[in-house]
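> Structure provided below as structure tokens; questions to follow.
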Amino acid sequence: MRLANKRALVTGGGSGFGEGIARAFAKEGAEVAVLDINEAGARRVASELGEGHVAIACDLTDGKAVEAAWKSASDALGGIDIVVNNAGWTHRNKPILEVTEDEFDKVYAVNVKSIFHMTRVCVPAMRDAGGGVIVNIGSTAGLRPRPGLTWYNSSKGAVNTLTKSLAVELAPMKIRVCGIAPVIGETGLLSEFMGIPDTPENRAKFIATIPLGRMSRPDDIANATVFLSSDEAAMITGAVLEVDGGRCI
């Protein structure tokens with residue numbers, strides 16, 4: 001198994017891409033700490049993964065909560081080798097002047113500040129352990145932005161860029177940092193990304209812009225994350241892998 005004897009923490013692991021990643025990690029032999037603000041979702045996923053996996057409720061926008069969650073996960077698993085910063089949020093697809101300050105703040109708190117908080121706790125531990133892997137889930141929205149999601153696009157552009165900067169800064173500590181940029185996926189945020197009206201016809205129009213002819217699925221993102229987290233990717237850092245069916249071409 002590709003992640004045997006590895007211990008992983010996955011944020012936003014109670015649904016969507018995060019759930020897919022947690023399941024793929026467990027299948028590949030990792031012990032997984034499933035973090036989510038939705039405690040019920042985290043507990044469901046961890047329970048279905050079976051013995052050796054834990055669920056931890058955490059508001060990732062709160063630095064103290066992240067510190068406590070990190071300690072709980074590390075204590076439960078005996079350390080953490082891999083961190084997947086997957087938790088994300090969006091404002092509804094709408095004109096830029098209709099996005100409120102509260103909506104803007106939440107998007108940046110969940111998508112960017114959460115990684116700031118997690119970095120502050122995971123890097124010292126990984127450094128002291130001799131290395132580790134961080135995978136940040138960005139988005140094609142940060143590479144090929146389109147109207148209606150401007151502030152969300154910019155938050156994911158920040159994730160894509162900070163991934164590269166962290167990779168360079170943390171390389172001397174033997175900490176690899178990679179990113180994944182999914183195209184729009186079949187998750188709970190899909191209706192928000194599509195905006196109003198979210199109809200089968202409008203979804204079909206969007207899918208027509210993806211050369212491979214479909215949206216991404218949790219297993220697509222999970223498979224890419226497994227690879228980047230594994231020893232097979234030992235010489236890869238700073239890469240932001242587009243899992244987009246060709247949309248960014």
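> On the given criteria, is Lys64 basic (Lys, Arg), within 25 Å of Leu162 (Cα to Cα) and in contact with a Ser or Thr (Cβ under 8 Å, 6 or more places away or on another chain)? Reasoning before the result, please.
Working: basic (Lys, Arg): yes; within 25 Å of Leu162 (Cα to Cα): yes; in contact with a Ser or Thr (Cβ under 8 Å, 6 or more places away or on another chain): no.
No: the conditions fail for Lys64.
> Please determine, by comparing only the residues of region 149-158 that are of a type outside the set (Gly, Ala, Ser) and either assigned to a helix (DSSP H, G or I) or under 18 Å from the mean Cα position of the chain (by Cα) (or both), which one is surrounded by the fewest Cβ atoms within 10 Å (Cβ to Cβ). Before the answer, list the steps.
First pass over region 149-158, keeping only residues of a type outside the set (Gly, Ala, Ser): 149-153, 156.
If we keep only those that are either assigned to a helix (DSSP H, G or I) or under 18 Å from the mean Cα position of the chain (by Cα) (or both) too, we end up with 150-153, 156.
Details: Thr150: 18, Trp151: 16, Tyr152: 28, Asn153: 21, Lys156: 27.
Among them, the one singled out is Trp151.
> Does region 159-172 hold any residues that are of a type in the set (A, V, I, L, M) and either in contact with a Pro (Cβ under 7 Å, 6 or more places away or on another chain) or surrounded by fewer than 16 Cβ atoms within 10 Å (Cβ to Cβ) (or both), and which are they? Walk me through it before giving the result.
Going through region 159-172, the residues of a type in the set (A, V, I, L, M) turn out to be 159, 162, 166-168, 170-171.
The answer is Val168, Ala171.
> May I ask you to say which residue of Ile236, Ile180 is outside any helix (DSSP H, G or I), at pLDDT 95 or above and touching an Asp or Glu at 6+ places or on another chain (Cβ under 9 Å)? Walk me through how you get there before you give the answer.
On the way: Ile236 fails: touching an Asp or Glu at 6+ places or on another chain (Cβ under 9 Å).
Residue meeting the stated conditions: Ile180.
> Name the single residue, out of those in region 1-52 being of a type in the set (Ser, Thr, Tyr) and out of contact with any Cys (no Cβ under 8 Å at 6 or more places or on another chain), that is surrounded by the fewest Cβ atoms within 10 Å (Cβ to Cβ).
First pass over region 1-52, keeping only residues of a type in the set (Ser, Thr, Tyr): 11, 15, 47.
Narrowing the set further to residues that are out of contact with any Cys (no Cβ under 8 Å at 6 or more places or on another chain) leaves 15, 47.
Values: Ser15: 18, Ser47: 12.
Going through the qualifying residues, I end up with Ser47.
> Checking Arg146 against (1) crowded, with 16+ Cβ neighbours inside 10 Å; (2) modelled with pLDDT under 95, which single condition isn't satisfied?
Answer for Arg146: the failing condition is (1).
The values are calculated or read from the model by the stated rules, or taken from the named source; none is laboratory data. Note that this is a predicted model, so its numbers are computed, not measured. Reconstructed Cβ throughout: ideal geometry from the backbone, glycine too, with neighbour counts over all protein chains shown.
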